[in-house]
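Let me begin by presenting the structure, written as structure tokens, before commenting on it.
The values are calculated or read from the model by the stated rules, or taken from the named source; none is laboratory data. Since this is a predicted model, take the numbers as computed values, not measurements. Ideal geometry is used to build each Cβ from the backbone, glycine not excepted, and the neighbour counts take in all protein chains shown. These area figures cover heavy atoms from the full protein model, side chains too; ligands, DNA and RNA do not enter into them. Shrake-Rupley method; radii C 1.70, N 1.55, O 1.52, S 1.80 Å.
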Amino acid sequence: MSAVVEVEGLTKRFGEVTAVDELSFRVEQGQVYGLLGPNGAGKTTALRCLMGLERPSTGRTRLFGTEVAPGSPELFRVGAIIEQASFVPHLSGLRNLRLWWEAGGGRWADADLETALAVAQIDDAIDRKVKTYSQGMQQRLGFARALLGRPELLVLDEPTNGLDPAEIRVVRDLIHRLADEGRTVVFSSHHLSEVEQTCSHAVVVNHGRRVAEGTVASLIGGAGSVHVEVDDVARARAVLAALPEVTSVSSQGLGLNVEQRTGSRADLGAALVGAGIRVETLTTQNRLEEAFLVLMQATEPPGPTDRSAAQHGGTSR
Amino acid sequence: MIALVRTEFTKSLRRPRTLLLVLFLVGLPVLIVAGFGSGPPRPRDVGDDVGTFRLIRDSGVVAGPALLRRLATFLLVVLAGWFAGDTVASDASWGNLRYLLIRPVSRVRLLLAKTTVAFTMIFASVLLVTYAAAGAGAVKFGVAPIHVDGVPAALNAGIEIPTFDLTVAEQWLRCGLVALYVTLGFGAVLGLGVLFSTVADQPTGAVAGAIGAYIASGIFDGIAIFGSARNALPTHYAEAWRACFIEDRWFTADIGRSLLVNAAWFAVAITAALWWFRRKDIHS
């Protein structure tokens, strides 16, 4: 069975500037897939190519097994927020939804307005002109628009921009709910915690290139520190320091912070238990942020071309 | 296509500026006609609109074409450029264009729908100005059949213009006809405005480009050294429609040339716009 999203060797150049460089990734049905990278990494450009808004210089993007072109019928199965959710300012929220839906050839009666309005949570303001909305309201209305067609795939480019923490949580819950319903979500962000809490899989992009790809758990597990609490701190320190994959051991509170070059938490636990030390807690400290920074450092340094590519890649234009 | 045209109409008609524009297009002719009526009638002069203005006293409906000639040289050009230049660029400036195009919508159909709406808005504006003036004239001066004096050949480069009469019904009908001719005479403005609109991300640039091109055409048209090349300029036959009120004719060869030249400019510009818009990377 073909993947919901396939990006193969995607390259997008703007003159001398390469915004996306041989990027490939694949998203299967039901995955919440993160496109993670710093500002200017090329995430937005990649998603624009995926939605048929920009033509790849080389490479291919496919939706539901079909190559994407402007106006592809497959787009009917996709809901999207690309950068800011934008609307016709002098029309009401409701009329914006309706015109957008009908312009695409849909019958208004077929739109999933109930879900859309429940997501938008703007109540009576739906009849107000969009130019009176706050940024958060516009972004929520953007979600409503993306969901009008009961999409099988949601493409969300920095969807929580402009939202407050409570709204971000609502969005996160919504994405989880959609994934539970079997829908696929492609989600770009430079907010690492957002990706960590939302996505099952991710591709890390820097300077337009793929740096790493896999499950979020595997991306986190590849590097960083582990916090352990044991009944005998002194002995545990000695045991852990002797392990070849451990680069440093330091005290933190009642426990120890262990920096690992390779291996997993399980290796540390096994070594401690093997030495007769009782382990109270053993938790990963680094999370995605540390893994991300390690990956970013590994793919530097940028030359002058890369810097200009970064300016072209994910910034608003 | 029909759904696209309907949605584009809704967007255009519900803009606050549309209401202001309607008020302006009705109010301005009414104010001008209200100012008529003082001073003695003047004889008809060939090549000037004094004759048409003189006829307003005989039948107020003639105020329609009389004002149209005045307004078509600048005000209506600006409006035509505005509607045309606004087509794609306004959506781009709102950041809404990318949302229109992430739907299974053909870019060609979208651009044609927007062009259809722009043409209709231009035609509606020209009609409004013409009939507002005609209506105001009718109220102020009343309506009656008019007798239009002919012009001897000696006074008109060897071509005699015969005397003729126009019934009231004909006057009203010819108002609509000249409004259509004037609108079609803006074909170049419409085409170029739409083309510039696909290139620009802000409507002001596209509007200025379309109006600027029309003004440049007028300047070139005024320079005799360009000779017969001027016949291909969109402004060259801009006033050919006046024959409908100074001669007893619904259509002339010059009106035909005006339509043909503007249709050609429109076709070339729209083809270029479609070609570009289909390939364009959408950033807005």
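Here are a few things to note about the model shown:
- Among A:A212, A:A275, A:A111: highest mean-square fluctuation, GNM of chain A, C-alpha pairs under 10 Å: A:A275
- Neighbourhood charge, 14 Å Cβ-Cβ cut-off, centred on A:V230 and excluding it, Lys, Arg +1 and Asp, Glu -1: 0
- Take segment A:225-284 with all the other protein chains still there, run a 1.4 Å probe, and you get 53 Å² of accessible area per residue.
- Projected area, mean over directions - chain B, Cα convex hull, nm²: 15.8 nm²
- Loop sites in segment A:67-110: trypsin sites (Lys or Arg not before Pro), DSSP, at most 12 other Cβ within 10 Å: A:R107
- Cα gyration tensor shape for segment B:83-190, rounded if a/c is under 1.5, else prolate or oblate: prolate
- Sparse packing (at most 16 other Cβ atoms within 10 Å of the Cβ) combined with a DSSP loop state is found for the following trypsin sites (Lys or Arg not before Pro) in segment B:4-33: B:R14.
- Rounded if a/c under 1.5, otherwise prolate or oblate - segment A:225-284, Cα gyration tensor axes: rounded
- Neighbouring Cβ atoms from other chains, within 10 Å of the Cβ of residues in A:84-91, number 6 on average.
- Within the listed set B:L101, B:L274, B:L128, the Gaussian network model of chain B (springs between alpha-carbon atoms below 10 Å) gives the highest mean-square fluctuation for B:L101.
- Estimated [θ] at 222 nm from DSSP helical runs (n ≥ 4, -39500 (n - 2.57)) normalised by residues in the protein assembly as shown, nearest 500: -15500 deg cm²/dmol
- Cα gyration tensor category, rounded, prolate or oblate, for chain A with a/c compared to 1.5: prolate
- Buried accessible surface for the B/A pair, both sides summed and rounded to the nearest 100, is 2900 Å² with a 1.4 Å probe.
- Candidates A:V273, A:V119, A:V230, ranked by Gaussian network fluctuation over chain A, Cα under 10 Å, top entry: A:V273
- Sorted peptide list for B:153-161, A:122-130, A:38-46, B:108-116, criterion being average Cβ within 10 angstrom, highest first: A:38-46, B:108-116, A:122-130, B:153-161
- Peptides A:26-36, A:5-15, B:84-94 ordered by average Cβ neighbours within 10 Å, highest first: B:84-94, A:26-36, A:5-15
- Angle in degrees between helix B:2-13 and the longest Cα principal axis of chain B, rounded to the nearest 10: 70 degrees
- A 1.4 Å probe run over the protein chains yields, for segment A:68-173, 39 Å² of accessible area per residue, whole-number rounding.
- Among the DSSP helices (H) of chain A, those spanning at least 20 angstrom by Cα along their long axis with an average Kyte-Doolittle hydropathy of -1.0 or more are A:165-180; this is a geometric and hydropathy rule only.
- Between 0 and 90°, nearest 10: helix B:75-85 axis offset from chain B longest Cα axis: 20 degrees
- Of A:K43/B:K11; B:K11/B:K114; A:K43/A:K131; A:K131/B:K280, those spanning more than 21 Å from alpha-carbon to alpha-carbon: A:K43/B:K11; A:K43/A:K131; A:K131/B:K280
- When the charge dipole of chain B is built from unit charges on Cβ atoms (+1 for Lys and Arg, -1 for Asp and Glu) and taken about the Cα centre, the candidate among B:L110, B:A263, B:G209 whose Cα reaches farthest toward its positive end is B:L110.
- For chain B, the longest principal axis of the Cα atoms and the long axis of helix B:63-72 meet at an angle of about 50 degrees.
- Residues of segment A:47-77 buried by at least 30 Å² on assembly (accessible area, 1.4 Å probe, chain alone as reference): A:R48, A:L53, A:R55, A:P70, A:G71, A:L75, A:F76
- For segment B:2-279: accessible area per residue (Å², 1.4 Å): 42 Å²
- Sulfur and carbon atoms: percent of accessible area, the protein assembly as shown [1.4 Å]: 58 percent
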